[in-house]
């Protein structure tokens with residue numbers, strides 16, 4: 001775990017237990033696993049859903065890719081799952097904008113890659129509605145270019161930067 005992991009921002013007091021030990025973290029609401037679990041619960045009440053048919057009537061078979069496929073075909077249940085996740089992410093992003101005033105917001109990960117248009121549109125909307133207007137206007141939203149390697153590459157860059165700061169004259173980029 002590293003600083004800046006938005007997934008471990010507590011969003012719901014006494015919410016579901018997170019892998020980090022806290023309760024109600026964003027990860028318990030908007031991660032791939034959380035969306036899959038929510039879909040598996042909700043599809044039981046929606047046998048008419050495309051998602052139900054993709055899972056061949058077996059809710060535990062539902063995965064993020066199935067949900068994304070159903071959402072692309074405008075299945076209301078699947079779309080609502082991504083919209084709800086994006087609302088939680090948008091609230092967290094708004095809080096970070098208000099506290100840290102960043103120049104750039106970069107959201108990546110499996111959920112964003114799987115349903116990028118739905119997620120990013122809603123995240124921007126919710127963040128704009130909940131962040132201080134002047135601060136929101138200064139933020140640029142960008143997509144990670146390295147896909148699943150973005151986090152690792154960022155960690156390497158941070159280490160290289162710190163080594164350069166700690167050892168003047170050390171060749172950071174030999």
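Before moving on, here are some points about what is shown:
- Selected from 116, 137, 16 as most flexible by GNM, with the chain as the system and alpha-carbon contacts under 10 Å: 137
- Pairs of Cα atoms nearer than 8 Å and 6+ residues apart set the relative contact order; for segment 1-93 it is 25 percent.
- Note on residue 150 and residue 116: the extension gain reaches 10.6 nm, defined as 0.36 nm multiplied by sequence separation minus the Cα-Cα distance.
- Ranked for footprinting exposure by Cβ neighbours inside 10 Å, fewest first, 113, 41 give 41, 113.
- Of interest is the spacing of the C-alpha centroids, which for segment 32-74 and segment 98-158 amounts to 26 Å.
- The chain: proportion of alpha-carbon pairs further apart than 24 angstrom, %: 45 percent
- For segment 54-114, the Stokes-Einstein estimate of translational diffusion at 4 °C and a viscosity of 1.567 mPa s comes to 98 µm²/s, using the Kirkwood hydrodynamic radius over alpha-carbon pairs.
- The chain: relative contact order as a whole-number percent, Cα under 8 Å and 6+ apart: 16 percent
- Length added when fully stretched, residue 53-residue 137, from 0.36 nm per residue minus Cα-Cα: 26.0 nm
- Structure-based [θ]222 nm, the chain - -39500 (n - 2.57) summed over DSSP H runs of at least 4, per residue, nearest 500: -16500 deg cm²/dmol
- Label-to-label distance, nm, for residues given as residue 17 and residue 99 (7 Å Cα→Cβ offset): 2.5 nm
- Stretching residue 74 away from residue 37 to a fully extended chain increases their span by 11.3 nm, per 0.36 nm per residue minus the current alpha-carbon distance.
- Most fluctuating residue given options 51, 149, 107, as computed from a GNM of the chain linking Cα atoms under 10 Å: 149
- Candidates 155, 55, 30: whichever shows maximal mean-square fluctuation once the chain is modelled as a Gaussian network with Cα springs under 10 Å: 155
Readers should treat all values here as calculations from the given coordinates under stated rules, not as data from a laboratory. For clarity, every value in this text was computed on a predicted model and none was experimentally measured. Note that each Cβ is placed from the backbone with ideal geometry, even for glycine, and that neighbours are counted across all protein chains shown.
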